[in-house]
1. Restricting attention to the range 137-162, which residues are part of a loop (DSSP other than H, G, I, E, B) and under 21 Å from residue 82 (Cβ atoms)?
2. Please verify whether the range 62-75 includes one or more residues that are within 19 Å of residue 177 (Cβ to Cβ) and touching a Leu at 6+ places or on another chain (Cβ under 8 Å).
3. If you check 46, 21, which single one turns out to be farther than 29 Å from residue 173 by Cβ and charged (D, E, K, R)?
4. For residue 127, all conditions in the list (1) more than 19 Å from residue 179 (Cα to Cα); (2) in a helix (DSSP H, G or I) hold save one; what is the number of the exception?
5. For residue 153, state whether it is open to solvent by 60 Å² or more (accessible area, probe 1.4 Å) and among the hydroxyl-bearing types (Ser, Thr, Tyr).
6. Being modelled with pLDDT of 95 or more, assigned to a loop (DSSP other than H, G, I, E, B) and farther than 30 Å from residue 105 by Cα: is that true of residue 165 here?
7. Given the residues 123, 164, 178, 117, which is the only one that is surrounded by 17 or more Cβ atoms within 10 Å (Cβ to Cβ) and without any contact (Cβ under 8 Å) to a residue 40 or more places away in the chain?
8. Taking residue 113, is it assigned to a loop (DSSP other than H, G, I, E, B) and touching a Phe, Trp or Tyr at 6+ places or on another chain (Cβ under 9 Å)?
Amino acid sequence: MSQVLDEVLAANAAYAQTFDKGDLPMPPGRRFAILTCMDARLDPAKYAGLSEGDAHVIRNAGGRASDDAIRSLVISYKLLGTREWFVIHHTNCGMETFTDEVMRGLLAGSLKTSSIDASGWHDSGDGPGSAEGNYIDWLTISDNAKSVVEDVTRIRRHPLVPKDIPIYGYIYDVKSGDLVEVPQATEAGRPG
Ligand SMILES: [Zn+2]
């Protein structure tokens, strides 16, 4: 068995042993949702103080307001009653290390894991690769605060998002654990 698979199943067995949250209702009890990055250093349950049943956490690379993230947020409000949303990006995000052009070039070279050094990303070139990367918008980030403002603004203006829900914009600092507000984003996310 894979070591990771083994570890995950052992951890789950221990969790289930003392599990006592089997009767929680489906709608999040604290009625809010967080859109954040999948980065392994971020633990929204810890950085935002969540327990099972409290809130929706929607994660993708960068915590970007992709069509699919908006799909989840709309379901979160329309069917499950959340009333406040957070967009939380973070310092030192991997999405700042490449562009669409770079990612497409790496994937065209091979599907193997690339490496990064001071001069940027390098592919092993051990192909075959694929041109399918050309058809994906990778939603990379050039500036943290700017990406939070952009995403809050996109969500705010989306025709399926109600005007009365506040959307807060924050950057999580991976060095200190702090959530730092992006005032321009929170301003853009103000209910109208
Ligand atoms: Zn990230």
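The values are calculated or read from the model by the stated rules, or taken from the named source; none is laboratory data. Small disclaimer: the values here were computed from a predicted structure and weren't measured. Every residue, glycine as well, gets a Cβ built from its backbone with ideal geometry; the counts of neighbours run over all protein chains shown. Please note that ligands, DNA and RNA were not included when accessible areas were found on the heavy atoms of the full protein model with its side chains. Shrake-Rupley method; radii C 1.70, N 1.55, O 1.52, S 1.80 Å.
1. Going through the range 137-162, the residues part of a loop (DSSP other than H, G, I, E, B) turn out to be 137-143, 158-162.
Residues satisfying the conditions are 158, 159, 160, 161, 162.
2. Going through the range 62-75, the residues within 19 Å of residue 177 (Cβ to Cβ) turn out to be 63.
If we keep only those that are touching a Leu at 6+ places or on another chain (Cβ under 8 Å) too, we end up with 63.
Looking for residues that are within 19 Å of residue 177 (Cβ to Cβ) and touching a Leu at 6+ places or on another chain (Cβ under 8 Å), one finds at least one in the range 62-75, hence yes.
3. When all the criteria are applied, what remains is 21.
4. (2)
5. Numbers: open to solvent by 60 Å² or more (accessible area, probe 1.4 Å): no; among the hydroxyl-bearing types (Ser, Thr, Tyr): yes.
In short, no.
6. yes
7. On the way: 164 fails: surrounded by 17 or more Cβ atoms within 10 Å (Cβ to Cβ); 178 fails: surrounded by 17 or more Cβ atoms within 10 Å (Cβ to Cβ); 117 fails: surrounded by 17 or more Cβ atoms within 10 Å (Cβ to Cβ).
When all the criteria are applied, what remains is 123.
8. Working: assigned to a loop (DSSP other than H, G, I, E, B): yes; touching a Phe, Trp or Tyr at 6+ places or on another chain (Cβ under 9 Å): no.
So residue 113 fails the test.
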